[in-house]
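Structure first, then comments.
What follows is calculated from the coordinates using simple rules that are stated; it is not laboratory data. Predicted model only: the values in this text are computed from it and were never measured. Cβ coordinates were reconstructed from backbone atoms using ideal geometry, including for glycine residues, and neighbour counts include every protein chain displayed.
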Amino acid sequence: MKNPLRKRLFKEFKAEIGKYLVIFIFMTATIGLISGFTVASSSMKIAYDNSFEKYNVEWGHFTVAKELSDELISDIEKDNKVTMISDYYKNLDTTPEAGGKSPDDKIRTIRLYKNRDVMNKICIMKGRLAETDDEIAIDRMYAVNNEIEVGDTITVDGTDFKVTGYTAFPDYSCLFQDNNDTMFDSLLFTVGITTENAYDSLDESKEVFNYAWQYENEPADKKAEKVMSDDFLENIVGKIYATGNGLDIYIPRYQNRAINFTGDDLGGDTVMMFTLLYIVMVIMAFVFAVTTNNTILKESTVIGTLRASGYKKSELLRHYMTLPVLVGLAACVTGNVLGYTCMKKVGEMAYYGSYSLTTYVTKFNLTVFLLTTVAPFAMLVIINALVISTKLKMSPLKMIRKDMTKSKRKKAVKLPHFKFMNRFRIRIILQNISSYLTLFAGIFFADVLLLFGLMMTPLLNHYKKEIVDTMICKEQYLLKTPVETKSEGAEKYAASSVVIDDDNEEEVTVYGISPDSRYFKKDMKEGDIYISEGYAKKYGIDVGDTIKLKDEYEDGKYSFKVSGTYYYPSTISVFMPIEDFRSVFDVDEEYFTGYFSDKPLDDIDSSYVLSIIDEAAMTKASRQLETSMGSMFQLFNVFAVLLFALMVYLLTKIIIEKNTNSISMTKILGYTNREINGLYMTANVWVVIISTLIGIFISAATIKPIFSAMMANYVSGYMDCYIAPYIYPLMIVISLVVFLLVQLTQMKKIKSIPMDEALKNVE
């Protein structure tokens, strides 16, 4: 015979459709967004790793003053067991609009190549390559950032070209114009492809004689690559200079930021997404526990009757688990479908907005599936099972009487002689203290999520300002070779790049500071070691602790005892007296790598300058961060507000349901729906306002360690947890607006409660 309990499922679902709809949306949105983002991220990482073989990416390149002869190229290839190609380019001015300046009055730079068909092959993202001499294909990310469509016309070196396609260069997955730039710039720099004739017709004086190479026998690891690269450099230097030529730039693959920056950073944003996942999972656990407990309370009479009729606990457990499990399964399926279709575009938007990545194929990721789908579903099942089984342990008689607590009834609290309506509202709050404590907890969890979303955009803006304000000096010169300057105020420093001696191997810049420095605002003595505040906060390092560093490509290891911290919050840096630096790194007593200065050093020839870190360079970094991450943060805000609204809706709905008898009784006593709304909604407003005010400040204290833990796993650098002051009143406004909108739906619920509801439950 068919189990009669099954007949109740549809009726229960219809009665609780609001609750199950919220849970469904909650789980679907979370699984869809996070799985979509992380799947896109992991798939892009696979595509990036495979691109080296697929597009035959170089192992390095170098530029020379004059074109190399075929005989010399052949000689270099034979002696070093490499294959070389001529990969010449021209750095030319360009504007997005033909015949005029770009909209922001800034001239862009395009690095123009002929078509490549052997090494560093081009990926066509949209359209096609140039076929006629008035056509050009340009980098996709630059085109999108400058709103250039296929078919538009751009000006290159005074000549108009029709854009025929978007491209991705595998050796320019990050658009670094110079390998020593602090950040790439996809707004003002791009790469492009045109026909050979069109290329030859443009300014010959701008041509750079660039040669790329590949090893016949690939190196086993980075250390082997460095050895091979150093040997190759040593071999070609003599051959090139012997012909009266000069070597300008030499960049092996392992040092090429245009290639490696993307690979190092890909997946770094997943730390933030999984942090979001953990927050939401805690919220979901809370929601599941509250809603399941409320279901049991509402159904207690039915459950008690069924128990008394002979139904086993296991049968009732399966019955009341059926709907949560079915809704959870539907959410998991829908969330994954959305994740692998629509929501993966969130990840695409984030990464394609930051990097010039090639095309990718979405790949199933078991780890992502377990974390985003299996874990939430398992949590739903376990929490529901625990709550239901705990309640089923009560006697059938107690359940029939709706006596679900072990505590005795308390005497009513005597209230002051307030107006009757105010005393009534206070009584409502006191009678529902457990429900309102639950609402407070829910608002707190929602505030954590909302704060996490709202803080990101102003945090990024603060970070942009901070990296400029905390520069050591206005003009930091890094030299190719030490040269002297007579410029007043110029101060020598030394610098070296090492990595932290752990699994993370994050890059650290070690500075050697001149005595009595006018730029480094600390009085260092011999043996002193200062670290940047960013380093200290990210890794939890205190004064007196020992830090361990090592050379990334060699065997050198270093240990330093921290003497203090220096206000340099966005970087991972170490500072020591320059004499100590020279001793530690075993260089000569006059060794230095650059100058600190507050003005340009005009007496140093640009050929000796490797890079200049100034406000323009730092602005480039902040501008790129805004371009690549701004839209993602806006989407994140929408997601946070949506989940906040769902949380408030669900918890206020539960409060109304728990007071069904009381609301029905007030109707019997002659109160109108409007008056009842005023009684209950006003009480709810008081609780929500107080809960929001308290919850905001508790959530702020909670989010800081969460953010610190997130940044500890961030790939490079450090961002301090900054919460803009205006966030707090904004959260209050959002909370109240969302709450009032939710109450409109609850007013309909109050109106639908019949007068006889109270009479049904008279003991």
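Some observations on this one:
- Each of the peptides 535-548, 374-387 was scored by the mean count of other Cβ atoms within 10 Å over its residues; in descending order, highest first, they stand as 374-387, 535-548.
- Angle between the chain longest axis and helix 420-431 axis [Cα atoms, degrees, rounded to 10]: 70
- Long-range amide H partners of Asp181 with built H, under 5 Å: none
- Folded to 0 to 90 degrees: helix 433-454 orientation relative to the chain principal axis, Cα: 20
- Per-bin percent of Cα-Cα distances, the range 273-364 [5 Å]: 2, 10, 12, 17, 14, 11, 9, 7, 6, 5, 3, 2, 1, 0
- Segments 699-706, 590-597 sorted - mean Cβ within 10 Å per residue, highest first: 590-597, 699-706
- Share antiparallel - DSSP beta bridges, the chain, percent rounded to 5: 75
- At an R0 of 56 angstrom, the distance between the Cβ atoms of Asp605 and Thr341 translates into a FRET efficiency of 0.50.
- Here the contact order of the range 475-613, divided by its residue count and restricted to Cα pairs under 8 Å and six or more residues apart, works out to 43 percent.
- Taking all Cα pairs closer than 8 Å and separated by 6 or more residues, the relative contact order of the chain comes to 17 percent.
- Panel order for Tyr88, Tyr566, by other beta carbons found within 10 Å of each beta carbon, from fewest to most: Tyr88, Tyr566.
- By the count of other C-beta atoms within 10 Å, a proxy for reagent exposure, Val638, Val280 are ordered fewest to most as Val638, Val280.
- Under Karplus coefficients 6.51, -1.76 and 1.60, residue-wise ³J(HN,Hα) of the range 352-360 in Hz, glycine/proline x: 5, x, 9, 10, 8, 7, 6, 5, 9
- Dipole orientation for the range 54-265: of the candidates Gly238, Ile154, Gln214, Gln214 has the Cα lying most toward the positive pole (charges on Cβ; Lys, Arg +1; Asp, Glu -1).
- Along the range 533-540 the Karplus relation, 6.51 cos²θ - 1.76 cosθ + 1.60 evaluated at θ = phi - 60°, assigns HN-Hα couplings of 4, x, 4, 4, 6, 5, 10, x Hz to successive residues, with x for each Gly and Pro.
- Over the chain: helical MRE at 222 nm, DSSP H runs n ≥ 4 each giving -39500 (n - 2.57), nearest 500: -17000 deg cm²/dmol
- If R0 is taken as 41 Å, the Cβ-Cβ distance between Lys363 and Tyr250 corresponds to a FRET efficiency of 0.70.
- Diagonalising the gyration tensor over the Cα atoms of the chain and scaling each eigenvalue by 5 before taking the square root yields semi-axes of 63, 30, 24 Å, largest first.
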